[in-house]
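Data first, discussion second: the structure below is written as C-alpha cells.
The values are calculated or read from the model by the stated rules, or taken from the named source; none is laboratory data. All values derive from a computational prediction rather than experimental measurement. Here the Cβ is made from the backbone with ideal geometry for all residues, glycine too, and neighbour counts use every protein chain on show. Ligands, DNA and RNA are excluded from the accessible area calculation, which covers all protein heavy atoms including side chains. Shrake-Rupley method; radii C 1.70, N 1.55, O 1.52, S 1.80 Å.
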There are 2 protein chains.
Amino acid sequence: MAICFFSAPKPITISPSTQAASAPKPLSRCNLSLPYKTLVTKADPEPIYSSVKAFAPATIANLGPGFDFLGCAVDGLGDFVSISVDPHVRPGEISISGIYGDNVKKLSKNPLYNCAGIAAIEVMKMLGVRSVGLSLSLEKGLPLGSGLGSSAASAAAAAVAVNGIFGNKLGVDELVLAGLKSEEKVSGYHADNVSPSIMGGFVLIRSYEPLDLIPLKFPMEKNLFFVLVSPDFEAPTKKMRAALPAEIGMPHHVWNSSQAGALVASVLQGDLVGLGKAMSSDIIVEPRRAPLIPGMEAVKKAAIEAGAFGCTISGAGPTAVAVTDSEQRGNEIGKQMVEAFLKGGNLKACSYVKQLDRVGARLVNSIHY
Amino acid sequence: MAICFFSAPKPITISPSTQAASAPKPLSRCNLSLPYKTLVTKADPEPIYSSVKAFAPATIANLGPGFDFLGCAVDGLGDFVSISVDPHVRPGEISISGIYGDNVKKLSKNPLYNCAGIAAIEVMKMLGVRSVGLSLSLEKGLPLGSGLGSSAASAAAAAVAVNGIFGNKLGVDELVLAGLKSEEKVSGYHADNVSPSIMGGFVLIRSYEPLDLIPLKFPMEKNLFFVLVSPDFEAPTKKMRAALPAEIGMPHHVWNSSQAGALVASVLQGDLVGLGKAMSSDIIVEPRRAPLIPGMEAVKKAAIEAGAFGCTISGAGPTAVAVTDSEQRGNEIGKQMVEAFLKGGNLKACSYVKQLDRVGARLVNSIHY
C-alpha cells in the first residue's frame, strides 16, 4: 500500500539549549523542538544508491534503575530493512513490499501503521524527498513484544536505510526523532530503545524537549556479555506499564536514583560487578513487573547463583537479562535461567549470549545506480 | 570534660557483599554491618606521634538531583582538629580542650555531644585504644548550619587525626563509619558530606548496609570552580527536611533519576556544561527548599545570567552553589549572586570561589615523640 505523506511539514522550533534544564512535562509529547545539528533540508535530495539494506540491533532498555531513560544495544540480534528506489511507487511516497520473519502477520503493511514505515516517512519528510518513490522490505529478526526493542529496531533500521539511500544527510539526533515518532505510535514516547539501536552502546536520555542524549562509553578493553532469556510468554507493554506505581516514597526515590548513578558510573568505569549490582537493585519497577512474568523471580535467583553479576527484566519483559564477563559462563548462566523459567514459571524459553553492540544501526549493503 | 567510652564494643557483623544489592530500609539505621577492609583491631595501639593536626574540607552535598547520595569536597575551606596524647586525661578517654572560631559557643565540649568528639571516640573504639588519653582541640573554619558540611568536616578531621596519631591503621570505610556515627547524632544519618570530606573529590553513596561508596574521579586536566555564596540566614536542617515531599510522582522520579545519571556521567566525563545543567535540573527537592531561603530563586537566576553552568542549593542550604570553569568568571558570578541575595532576599552574603578538593581530610602537622 502506497501512502502519500508529502504535505507541508509542521514548523520545527529550533530552541536554544538553555543552561538550566527545563522541568519535564509529564505525559506531554515532544513537539520536535530539537536543536538540530543538521538543519532540515527541503532540497529534494537525489538518491545515491538504487537500494540499500540496513541492520539495527536489539536493545535492552531500563537495565533496572535506568527505567525509562537508559538503554544499550546488543550485537547480533536485530532487524533488517531494505529500501529501494521504486518507479512503481508515486514520487514522494513509500510502499511496504514485504515483511518477513516469524509471527509477522499482525504487522501492518500500511506504512502509517508500521514501525519501519512511520520512521521511513519521517526521514523522507525531514529530507524533503519529493521526486522519487521508495519501497521498503522488513526482515524481522526480533520477536514482537519480547522486551528487546523489536519495534525500535525496525524503526532504527528504516530511518538509517532511508537516510543512507540519500547520502546520510541527517545526523543522529534527527534519526532518533524519526524513530521516536514511530515509537510514539506503537509503543509509547520513549527513546530508551530507539536511541541505542541507532547510536549503539549505552545511551542515557537526559531530556526530550530539547532532545538531549548522552552516549556512555563502555571501555573497549572490557568484556561484557549479556545473557538474554526470552520465555514463550506475552507481556503486553500496556499491562506492564499499568503495573507501575503512580507515586513513589522519598526513600525509594533516593535509593533508585543512587542506583541509577551507580549504574552510569559502572558503565563508564567498566566495572562489571558494579554494573550487575546496579542492574539488580531496582526496587520500584522490577518488584511490580516481575510477578507478572511467571518464573521471573526464580530466573533472577538462578542467574545470580550461576555467577551472573546481576539480572533484571529487559525493557517491559518478558525477556530476562543477566550480565557476565565470558561467553562460556554466559552459556552456563543461560542454561540455568532457561531451566528456572521452566521449573518456576512452566514456560519454555530460549537464551542468547551476546556482546554489547558499539556501532548501532548501519548500512550492510548498498547498490549503486 | 573527659568521658570514659571504653566498654565492650558491640559485635560487628561482617556481611559478605551480595551480588544483588539489598533493598534499603528507610528510616532504619546502619548497624555497622560493614565488610571491613581492615578488620577492627583490639591491639591497644601505641601512638606514633605526640600530637597531630588534621584538616578536613567543606563539602557540597546533593548537587541537585544527587539528593542524599552524592557530594563533593571543596578546597581551602574546612575545619582543623588537633589531637594530643595527654597524660592528664585518663587512659582510654578523650577530652576536648578547646573550640575556636566564630559562633562556636553553642558547640558542646562534652565529646559525646560534639561532632569531632563523637567521631574521635568511634575511631578510638575501632582501634581499641586503652593505654593513653587524648585531648582534642577544634578550630572551626566553617560556619554552622551553612549547608557546607560543617559538622561532617569536624567529624572527618577528628577521625583522620585520631587514626593518624596511631599510625593510620584504619581504612577509609572505617573512618567514614566513624564520621557517620557523628553525623547520625547531630544532623542525620547521611554520608554525602562526611564521605567526600574524608575521601576528597566526588563520592556517590550506593548503599549503607553494607556501606558502599563509589569515588567519581573528575578528570585532572579540567578546571572546575565552585562559587559558594552564603547568606546571613539560618536554614535549620530539620525545617529543610520537613519541606520535602513524602511521595513523588513517577514522571518526576524518572526525570530526577535521569538527571542523577547525567550528573554522574558529567563528573566522570569532565563535562562542565553537563554538570551545571544536571545540578540545575532537580525538580523534587530544590523547588521545595528554595522558597524557604529568601532570594534563592533570584540568586540562581543571577548565577546563570552571569555565565554559571548551573546553580543549586548546597546541602540543605542556605548556601547557594554555582559552577564555572575559571576563577575570574567565578568572582564575577559570585558578585552577582551576592547582589541578588541582597536585592531578592534582603540578605547580606559572602562569596567564595573554590576548586574541587581531590585529597580529602589529611594530617597537616605531626609532632613525633
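Across the stretch A:283-300, rounded Karplus estimates of 3J(HN,Hα) from the backbone phi angles (6.51 cos²θ - 1.76 cosθ + 1.60, θ = phi - 60°) give 10, 10, 8, 4, x, 7, 8, 4, x, 7, 10, x, x, 4, 5, 5, 5, 4 Hz, Gly and Pro being marked x. A protection proxy built from the mean count of other Cβ atoms within 10 Å ranks the segments A:315-323, B:129-137, B:358-366, B:106-114, most packed first, as A:315-323, B:129-137, B:358-366, B:106-114. For the Cα trace of the protein assembly as shown, dividing Rg by the Kirkwood Rh returns an Rg/Rh value of 1.04.
Shielding value for A:65-77 is 2, the average number of Cβ atoms from other chains within 10 Å of each residue's Cβ. The mean number of partner chain beta-carbon atoms within 10 angstrom of a residue's beta-carbon across peptide A:325-334 is 0.
Spin-label model, B:K217/A:R288: points 7 Å from Cα along the beta carbon direction are separated by 3.9 nm.
Could you grab the Rg to Rh ratio for the stretch B:199-254? Cα atoms only, Kirkwood for Rh. That ratio equals 1.07. Roughly speaking, what % of Cα-Cα pairs in the stretch B:48-160 are separated by over 16 Å, rounded to a whole number? Taking all Cα-Cα pairs of the stretch B:48-160, the fraction more than 16 Å apart is 58 percent.
The convex hull built on the alpha-carbon positions of the stretch B:225-355 has an orientation-averaged projected area of 7.4 nm². Averaged over the residues of A:240-247, the number of partner chain Cβ atoms lying within 10 Å of the residue Cβ comes to 2. 3J(HN,Hα) along the stretch A:302-317, derived from phi through the Karplus expression 6.51 cos²θ - 1.76 cosθ + 1.60 where θ = phi - 60°, amounts to 5, 4, 5, 5, 7, x, 5, 6, x, 7, 7, 8, 7, x, 8, x Hz, with x in place of Gly and Pro.
Tell me which aspartates and glutamates have Cα within less than 14 Å of B:K335's Cα, excluding those fewer than 8 residues away on the same chain? Candidates past the 8-residue exclusion: B:E305, B:E327.
In terms of packing, defined here as the mean over residues of other Cβ atoms within 10 angstrom, the peptides A:92-104, B:256-268 line up highest first as B:256-268, A:92-104.
What separates the B:G171 label point from its copies, with the point 7 Å along Cα to Cβ, is 4.5 nm, written shortest first.
When the solvent-accessible area of the stretch B:92-216 is split by element, carbon and sulfur atoms take up 50 percent of it, the probe being 1.4 Å. Considering only B:G164, B:V186, B:A152, and ranking their Cα positions along the charge dipole of the stretch B:152-195 that arises from unit charges at the beta-carbon of Lys, Arg, Asp and Glu, the one farthest toward the positive end is B:G164. With contributions of -39500 (n - 2.57) from each DSSP H run of at least four residues, the per-residue ellipticity at 222 nm computed over chain A stands at -10000 deg cm²/dmol. Taken along the Cα-to-beta-carbon direction at a fixed 7 Å, the label points for A:R130 and B:N331 span 5.8 nm. Backbone geometry of the stretch B:174-186 corresponds, through the Karplus equation with coefficients 6.51, -1.76 and 1.60 at θ = phi - 60°, to 3J(HN,Hα) couplings of 5, 5, 5, 5, 5, x, 5, 4, 6, 4, 4, 7, 9 Hz, x marking Gly and Pro. Short to long, the 10 Å bins of the Cα pair-distance histogram for the stretch A:187-229 hold 24, 47, 24, 5 percent of all pairs. Rounded to the nearest 10 degrees, the angle from helix A:115-127 to the longest Cα principal axis of chain A is 50 degrees.
Our Cα-only numbers for chain A put the radius of gyration and Dmax at 20.2, 61 Å. Comparing the full protein assembly with the isolated chain, the residues of the stretch A:270-317 losing at least 50 square angstrom of accessible surface (1.4 Å probe) are A:K277.
Of the peptides A:302-310, A:60-68, A:243-251, the ranking by mean beta-carbon count within 10 Å, highest at the top, reads A:60-68, A:302-310, A:243-251. Treating the angle as unsigned and between 0 and 90°, give the value, to the nearest 10°, between the Cα long axis of helix A:150-165 and the longest Cα principal axis of chain A. The helix A:150-165 is inclined about 30 degrees to chain A.
Remark on B:L77: its backbone amide H falls under 5 Å from those of B:A58, a criterion applied only to residues 5 or more positions apart or on other chains, H modelled at 1.01 Å from N. Over 22 Å between Cα atoms, which of A:K239/A:K343; A:K222/A:K343; B:K277/B:K300; B:K125/B:K185 qualify? Too far apart for the 22 Å limit: A:K239/A:K343; A:K222/A:K343. Taking all protein chains into account, the per residue accessible area for the stretch A:225-355 stands at 36 Å² (1.4 Å probe). Given the whole protein assembly as supplied and a 1.4 Å probe, what does the accessible area of A:E339 come to in Å², nearest 10? Accessible area of A:E339: about 80 Å². Amide H contacts of A:R358 (H built 1.01 Å from N, in plane; Pro and chain starts excluded): A:G201 sit under 5 Å, all sequence-distant by 5 or more or on other chains.
Please go through the residue pairs B:K301/B:K348; B:K169/B:K354; A:K181/A:K217; A:K53/A:K106 and name each one whose alpha carbons sit more than 28 Å apart in this structure.
B:K169/B:K354, as the Cα separations exceed 28 Å there.
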